[in-house]
Amino acid sequence: MPSAIRLTPPALLLALASTGAFADTDLLTRDTLTGDWGGLRHQLEQDGVKVTGDYSGETAYNAHGGLHRSARYSQNIKLGVQFDLSKLYGLDNAGKVQLTINDRRGNSASEELVGNRLPIQENYGGLYTRLTELSYERTLFTPALNVKLGYMAMGNDLGGLDSGILCNFMNAGFCGHPLNMSGGSGWTNYPNAHLGGRIKYDFSPAWQLRVAAFNVDPQSNGNSSRAWHLGPKHTTGTVVPVELVYKRLAELAGEYKLGYYYDSSNVKRIGSSKEVAGRGGHYLLIDQAVWNDPAMPGRSLHAFGQYSASSEAASPFTKWYGTGVVLYKPFANRPRDTVALGYGRAVQNPRSRDVLQEAAFDAGQPFPNIDGAEQLIELSYGYQATPWLNLRPDVQYIVEPGAFSGKDIDNALVLGLQVKASF
């Protein structure tokens, strides 16, 4: 791996910011850390080549409960380039090619400090450099039909809210798609990518249908030896999600998603040596503005909701409930800041609990009287320090951290800081 990626995040940001080639505009007002590269970046985009780069760092300190008092840090660096073939070759509707590389490093506060199921740091996992997308996208036959093919993560286009409201949180239980979907099927978390295709069709400005099909290849998930292999190692089936999207186009705007997915893979039933043919699930996601401040344009309060249910035969947890609110522009002089408060509940599969209980009895150990669900309360403040830098102090309170491991672990209070920067 190049040594530049191994620089500590503060040193890396300082090195980039202080490089003379990038000092063409004021550091505090430009859109990206490295600026316009003396006009080169803008010219490249005009010609059809858009270069992007993002860093996120998440530090979490376990202040009470859990397993240990200490802190853990994880980071994600994403570099991408998009080729607009219409601009590059002077063709009509030639489409776009997206190439993205991702690198993750660090340690897990959930695994090492708290012992809970829902990752406290959403950017932890798959700690190596990998190809995360190589895709081709274009409209087909009509502007209402958009097609995307290639090697990519499912969550880029399905299973989450397009508004991005859920990533005002640091815990992966909120940021992204409901985790029981990937826990009990071939639906994979970013940055795990697989071969597949996605179709979007606009019935109207408000209604859209999304359908996709992705190869299921569990042996490649989180496998560093497969970091640059587009083809599957061992295909078990195909996962097909179908999603109906409604965008409420009004003063109080909203986004509603109703989805269903089916994985054709044969897998073992939990607590049994028998196999189940196929796994499925469904979900409902909502982001609805409930208040706009008439005296302060841009200041609004949004409420969100998540519900997801997955196969009881093969999913470690069968249901996820999430709800909360996000206040945009909390202060007149802070137009891009946010305040977010969320509550989530991950319900363990009773079959998984039975397996843990039987294993404890067989070992002659008592099984603790704990709840069959892990609960999460999270509060964060997103401080947009510059157009390219966001600082997010974060507090998470985790109830029944040992629900999924069958261990009696005290409720945990975790203090965190998320840093996001665009290069």
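The values are calculated or read from the model by the stated rules, or taken from the named source; none is laboratory data. Here the structure is a predicted model, which is why all the values come from computation and not from measurement. In this analysis, Cβ positions are derived from the backbone assuming ideal geometry, glycine residues included, and neighbour counts consider all displayed protein chains.
For this structure, a couple of remarks:
- Residue within segment 54-61 that is surrounded by 15 or more Cβ atoms within 10 Å (Cβ to Cβ) and either modelled with pLDDT under 95 or outside the structural domain of residue 226 (by TED's automatic domain parsing) (or both) present: no
- The listed residue being of a type outside the set (Gly, Ala, Ser), touching a strand residue (DSSP E or B) at 6+ places or on another chain (Cβ under 8 Å), touching a residue at least 40 places away in the same chain (Cβ under 8 Å) and not in a loop (DSSP other than H, G, I, E, B), out of 93, 76: 76
- Residue in segment 145-164 that is buried (at least 21 other Cβ atoms within 10 Å of the Cβ) and touching a Cys at 6+ places or on another chain (Cβ under 7 Å) present: no
- Of the residues 358, 378, the single one that is among the acidic types (Asp, Glu) and within 30 Å of residue 163 (Cβ to Cβ) is 378.
- Any hit, segment 127-134, residues being within 30 Å of residue 300 (Cβ to Cβ), of a type outside the set (S, T, N, Q) and out of contact with any His (no Cβ under 7 Å at 6 or more places or on another chain): no
- Residue match in segment 325-336 (condition: aromatic (Phe, Trp, Tyr) and either in contact with a Phe, Trp or Tyr (Cβ under 7 Å, 6 or more places away or on another chain) or touching a residue at least 40 places away in the same chain (Cβ under 8 Å) (or both)): no
- All of (1) under 25 Å from residue 382 (Cα atoms); (2) out of contact with any Phe, Trp or Tyr (no Cβ under 8 Å at 6 or more places or on another chain) hold for residue 104 with one exception: (2).
- Residue count for segment 159-184 satisfying the condition of being under 11 Å from the mean Cα position of the chain (by Cα) and over 23 Å from residue 330 (Cβ atoms): 8.
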